[in-house]
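The values are calculated or read from the model by the stated rules, or taken from the named source; none is laboratory data. If you're wondering where the values come from, they're calculated on a predicted model, not measured in any experiment. Cβ atoms come from the backbone with ideal geometry, glycine included; neighbour counts cover every protein chain shown.
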């Protein structure tokens, strides 16, 4: 009887040792290049500006053209929404969207193909996913690899949402702490 009491005490004592604890991975950010935000039932994921596939940084100097990549999922079971447009929060530059912008219930809209993405020609296409092309031109000087730029996504029903969009730093690119065109003040060299 005493052994059973001790065993049940140990069992109860050890089963509750993790109660109320938060897993270390609960707040861990996903290992992707892009940012994420929710706009009502719409989930914007992996939003970023793609580093040019040819590896050249000239497109950043010229302010584009640069391609955007993202996935927008509509979690609503019965409401369709439409991506009306994308713009820079400061009003500079242009963002051109080519393709169907409607996102049906439980459907998604994907833009771009991130650099170094491993794909095969045999991959099936997802019938619930619409593909579009989004091109940035006339970008502000702050659009620099490794930094972020605030952009506004405008939806017909979900309205406007602003997100800090990271600019992909490419596979092999030295760190740059200042936007292009901004000189370091004397004595600030690292």
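Take residue 136 and tell me if it is closer than 20 Å to residue 58 by Cβ and either assigned to a strand (DSSP E or B) or modelled with pLDDT of 65 or more (or both). Yes.
Of the residues in the stretch 153-172, at least one is modelled with pLDDT under 90 and closer than 15 Å to residue 70 by Cα.
Identify, please: which residue in the stretch 88-108 is in a strand (DSSP E or B) and under 13 Å from residue 156 (Cβ atoms) and is, among those, nearest to the chain's Cα centre (by Cα)? Even if it seems obvious, please write down each step before you answer.
First, the residues of the stretch 88-108 that are in a strand (DSSP E or B): 88, 94-98, 102-103, 108.
In the following step, the residues that additionally are under 13 Å from residue 156 (Cβ atoms) were identified as 102-103.
Numbers: 102: 19, 103: 18 Å.
The residue in question is 103.
In this structure, is residue 143 surrounded by fewer than 17 Cβ atoms within 10 Å (Cβ to Cβ), part of a loop (DSSP other than H, G, I, E, B) and at pLDDT below 90?
Numbers: surrounded by fewer than 17 Cβ atoms within 10 Å (Cβ to Cβ): no; part of a loop (DSSP other than H, G, I, E, B): yes; at pLDDT below 90: yes.
Answer is no for this residue.
Being part of a loop (DSSP other than H, G, I, E, B) and at pLDDT 95 or above: is that true of residue 120 here? So residue 120 does not fit the description; no. Of the residues making up the stretch 41-83, those that are in a loop (DSSP other than H, G, I, E, B), touching a strand residue (DSSP E or B) at 6+ places or on another chain (Cβ under 9 Å), surrounded by 15 or more Cβ atoms within 10 Å (Cβ to Cβ) and modelled with pLDDT of 95 or more are 41, 76. Kindly establish whether residue 28 is within 21 Å of residue 146 (Cα to Cα), part of a loop (DSSP other than H, G, I, E, B) and either under 21 Å from the mean Cα position of the chain (by Cα) or at pLDDT below 95 (or both). In short, yes.
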